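Asks: The structure follows.
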Amino acid sequence: MAVSTQVRDARQPLLSTGAMENDTTPVKDLPTETLRGVRCIRLSVRTDETTSPERQREADDAAAAALGITFGEGAALREAVDLDVSASLVGPFDRPQLGGWLKRPEDFDALVFWRFDRAIRDMDDMHELAKWARSHRKMIVFAEGIGGGRLVFDFRNPMDPMGQLMMLMLAFAAQVESQSIKERVAGAQAAMRKMPLRWRGGGKPAYGYLPAAMPAEHGGVGWTLVPDPDAVKIIERIIAELMDGRGLHSIARALNADGVLSPSAHWTAYQARTKKRTAVATDQPVKKPAQWRAQTIEKMLTNEALMGWKMHRGKPVRDDAGNPVMATTSPIFSREEFDQVGALLAPKPITEKAPERKDSTALLLRVAHCNGCGERMYLNRSSGTYRCSSYKYGTHCPAPCTVRAPWVDDYVTEQFLKAAGQIQINRVIEIPGYDPQTEIDATAAEFAEHQQDKGRQKSKTAKAEWQRRADALDARLAELESREKREPRREVVPTGRAYADDWHQGDTAARRAMLIAAGARLMIKPGGKGGWRRLDLRRVEFTITGELDPAIAELATVTRDAEAEARNDAPPAPGSAARLAEPGPEHAHAEPATSPVRERPEPEPAPAEPARELVAA
């Protein structure tokens with residue numbers, strides 16, 4: 001086999017298309033020319049340091065210099081840089097930059113790769129690449145081949161099939177090696193999944209956790225998971241907003257507006273901080289970081305990994321007793337807390353929801369009602385009045401009315417703040433307690449799926465493994481069924497703010513929401529003569545009939561008692577007594593001293609009179 005380390009003229013093809021650098025048979029008297037090469041760089045993981053773009057460039061440049069291949073400079077640089085691209089999943093023709101060069105074969109003469117695995121990891125891909133090179137008469141160079149030697153496949157002679165055969169043979173070896181590596185990695189990960197607290201290196205944990213070195217008290221070998229303080233703060237923020245009644249879409253928009261990184265972007269930023277990222281000069285478009293979405297939040301909060309469980313393909317990893325294998329000693333959620341968050345995400349019952357413009361400036365929308373027909377009154381912006389709008393719904397109002405908006409706005413504001421302004425705002429937390437039935441159902445479904453494979457095992461080992469898992473799931477179900485159910489409860493947490501505080505700080509929409517939530521209702525009657533001067537209080541009736549009503553009644557009682565005490569006319573305290581003063585000696589009608597003493601019979605006791613309460617002057 002004639003081999004050369006020199007570059008031959010395209011009119012003088014090699015006698016053999018495969019060449020190793022260590023074969024140094026001299027070739028003389030052949031004209032040479034400079035070939036136009038494309039420097040090919042690929043990384044499966046952008047932060048991989050062992051196969052960095054700089055290392056690949058150095059090897060490609062050395063091979064190109066030895067073979068008389070140039071890559072151009074500046075704007076004419078011929079280079080294909082594909083980062084975060086897996087050779088096992090993406091073939092050469094589908095890669096962002098290399099695929100573009102392969103579509104323009106007239107622009108170059110040779111492709112230079114660092115090693116075989118930078119080009120392909122599949123025989124079919126190598127076959128297609130070799131066919132392409134042979135069809136377009138191109139050279140393919142691997143700077144470091146088997147044993148470290150350079151591999152040169154020159155397909156400029158289409159009649160010689162040896163180069164294509166050699167490439168397929170090497171591709172077969174590369175594919176076998178890749179499959180063997182996958183099997184070893186999969187076996188190691190399967191074994192680590194069963195190890196308590198052990199986290200496989202290189203994996204992406206659930207949002208809220210970060211990898212950390214295993215503590216010495218737990219063996220000090222490998223990695224485990226610990227809570228991520230930054231992510232935990234975001235999770236707590238999301239839960240607090242859910243408890244305040246905000247929807248998932250609203251929460252997602254607020255997170256994006258505040259520049260909070262989504263789970264995937266957060267993990268990418270963590271990798272950039274903890275691993276050396278190599279700057280690569282490339283014109284590839286920078287991917288926009290993923291944004292928060294309602295589905296992202298729901299998926300994140302319903303992931304059982306938040307309880308510290310190891311998960312595999314969406315299911316908990318279980319030990320021989322059927323218990324979930326823990327990945328951390330400090331789970332973010334307990335089972336009760338996880339169920340509580342799940343209750344917050346549960347679909348709410350659909351209630352009547354009247355159409356409401358978000359940009360409405362009407363304070364009393366859904367609060368003001370016509371007394372004649374009971375329908376809502378709407379603000380007419382042009383006239384500045386609230387009007388009965390029953391005609392819009394095809395109903396008849398026997399006494400339609402109209403009232404000036406500023407009058408009733410001020411009236412309702414005064415009445416609401418007088419009745420509820422000093423009441424403290426409490427936040428009610430619905431605590432669902434603990435119901436093992438949720439986990440029982442999930443485990444039972446897993447057990448039923450496992451039962452479908454019963455009898456399919458042929459070997460004793462497989463049958464024993466199937467039975468071991470069935471016994472573990474059965475034991476877990478028995479343990480869950482023995483747990484007691486705790487009923488849900490409500491917990492009232494004071495916020496330290498009064499309704500007057502939020503009223504003065506809020507805008508019209510916030511005040512309107514406050515009135516609606518409190519159950520405020522204003523009934524308006526038609527006006528009489530002279531009603532154009534001021535609001536006739538006989539026309540309006542303002543009531544609050546929601547959960548705030550008892551607190552308003554209690555506050556009114558306390559206020560009334562305080563005013564009575566200030567007037568000094570408060571009723572006597574319970575248990576107090578009073579009696580009439582006896583007349584003095586000057587008013588007594590005593591008998592004369594000279595009067596004989598006469599014995600009189602004891603008078604019969606008079607019937608008891610009801611006690612009288614005396615009000616002190």
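The values are calculated or read from the model by the stated rules, or taken from the named source; none is laboratory data. Keep in mind it's a predicted model, so treat the numbers as computed, not measured. For neighbour counting, all protein chains shown are included, and Cβ atoms are generated from backbone atoms with ideal geometry for every residue, glycine included.
Asks: Got a sec? Which of Asp124, Asp109 is out of contact with any His (no Cβ under 7 Å at 6 or more places or on another chain), farther than 12 Å from Cys40 by Cβ, of a type outside the set (Lys, Arg) and in contact (Cβ under 8 Å) with a residue 60 or more places away in the chain?
Replies: Unique residue meeting the criteria: Asp109.
Asks: When you go through Ile440, Ile516 one by one, which is the residue that is touching a residue at least 40 places away in the same chain (Cβ under 8 Å), under 30 Å from Leu379 (Cα atoms) and assigned to a helix (DSSP H, G or I)?
Replies: When all the criteria are applied, what remains is Ile516.
Asks: Among the listed residues Arg121, Arg55, identify the single one that is in a loop (DSSP other than H, G, I, E, B) and either closer than 30 Å to Thr274 by Cβ or not assigned by TED's automatic domain parsing to the domain that holds Ala269 (or both).
Replies: Criteria check complete, one pass: Arg121.
Asks: Going by the conditions given, is Ile120 surrounded by 17 or more Cβ atoms within 10 Å (Cβ to Cβ) and in contact with a strand residue (DSSP E or B) (Cβ under 6 Å, 6 or more places away or on another chain)? Reasoning before the result, please.
Replies: Numbers: surrounded by 17 or more Cβ atoms within 10 Å (Cβ to Cβ): yes; in contact with a strand residue (DSSP E or B) (Cβ under 6 Å, 6 or more places away or on another chain): no.
No, not satisfied.
Asks: Filter segment 76-129 for residues that are acidic (Asp, Glu) and either at positive phi or in contact with a Lys or Arg (Cβ under 6 Å, 6 or more places away or on another chain) (or both); which is modelled with the lowest pLDDT? So that I can check it myself, show each step before the final result.
Replies: Filtering segment 76-129 for residues acidic (Asp, Glu) gives 79, 82, 84, 94, 106-107, 109, 117, 122, 124-125, 128.
Among the residues that remain, those that are also either at positive phi or in contact with a Lys or Arg (Cβ under 6 Å, 6 or more places away or on another chain) (or both) are: 79, 82, 84, 109.
Numbers: Glu79: 95, Asp82: 91, Asp84: 82, Asp109: 93.
It comes out as Asp84.
Asks: Considering only segment 483-502, I want to know if a residue exists there that is over 30 Å from Arg404 (Cβ atoms), assigned to a helix (DSSP H, G or I) and either in contact (Cβ under 8 Å) with a residue 12 or more places away in the chain or out of contact with any Lys or Arg (no Cβ under 7 Å at 6 or more places or on another chain) (or both).
Replies: The answer is no, given that none of the residues of segment 483-502 is over 30 Å from Arg404 (Cβ atoms), assigned to a helix (DSSP H, G or I) and either in contact (Cβ under 8 Å) with a residue 12 or more places away in the chain or out of contact with any Lys or Arg (no Cβ under 7 Å at 6 or more places or on another chain) (or both).
Asks: When you check Pro526 against the structure, is it over 30 Å from Asp502 (Cα atoms), surrounded by 10 or more Cβ atoms within 10 Å (Cβ to Cβ) and modelled with pLDDT under 60, yes or no?
Replies: Values: over 30 Å from Asp502 (Cα atoms): yes; surrounded by 10 or more Cβ atoms within 10 Å (Cβ to Cβ): yes; modelled with pLDDT under 60: no.
It is false that Pro526 is over 30 Å from Asp502 (Cα atoms), surrounded by 10 or more Cβ atoms within 10 Å (Cβ to Cβ) and modelled with pLDDT under 60.
Asks: Working carefully through the options Val403, Val412, find the one that is in contact (Cβ under 8 Å) with a residue 40 or more places away in the chain, surrounded by 19 or more Cβ atoms within 10 Å (Cβ to Cβ), assigned by TED's automatic domain parsing to the domain that holds Thr559 and not in a helix (DSSP H, G or I).
Replies: Val403
Asks: Follow-up question, since we're still on this one. Against the definition (over 30 Å from Ala553 (Cα atoms) and more than 46 Å from the chain's Cα centre (by Cα)), how does Ser390 come out, yes or no?
Replies: no
Asks: So Arg156 passes all but one of these: (1) on the phi > 0 side of the Ramachandran plot; (2) modelled with pLDDT of 65 or more. Which condition number does it fail?
Replies: (1)
Asks: Any residue that is surrounded by 12 or more Cβ atoms within 10 Å (Cβ to Cβ) and free of Cβ contacts under 8 Å to residues at least 60 places away in the same chain - is there at least one of those in segment 420-435? Lay out the reasoning, then the answer.
Replies: Keep residues of segment 420-435 that are surrounded by 12 or more Cβ atoms within 10 Å (Cβ to Cβ), which gives 420-427, 429-435.
From what's left, free of Cβ contacts under 8 Å to residues at least 60 places away in the same chain: none.
Within segment 420-435, none of the residues are surrounded by 12 or more Cβ atoms within 10 Å (Cβ to Cβ) and free of Cβ contacts under 8 Å to residues at least 60 places away in the same chain.
Asks: Among the candidates Leu473, Leu480, single out the residue that is more than 17 Å from Glu547 (Cα to Cα), outside the structural domain of Gly245 (by TED's automatic domain parsing) and touching a Phe, Trp or Tyr at 6+ places or on another chain (Cβ under 6 Å).
Replies: Only one candidate passes the filter, namely Leu473.
Asks: May I pose another question? Which of the numbered conditions does Ala254 fail, given that it passes all the others? Conditions: (1) more than 11 Å from the chain's Cα centre (by Cα); (2) of a type outside the set (Asp, Glu); (3) buried (at least 17 other Cβ atoms within 10 Å of the Cβ).
Replies: Looking at each condition in turn, Ala254 falls short on (3).
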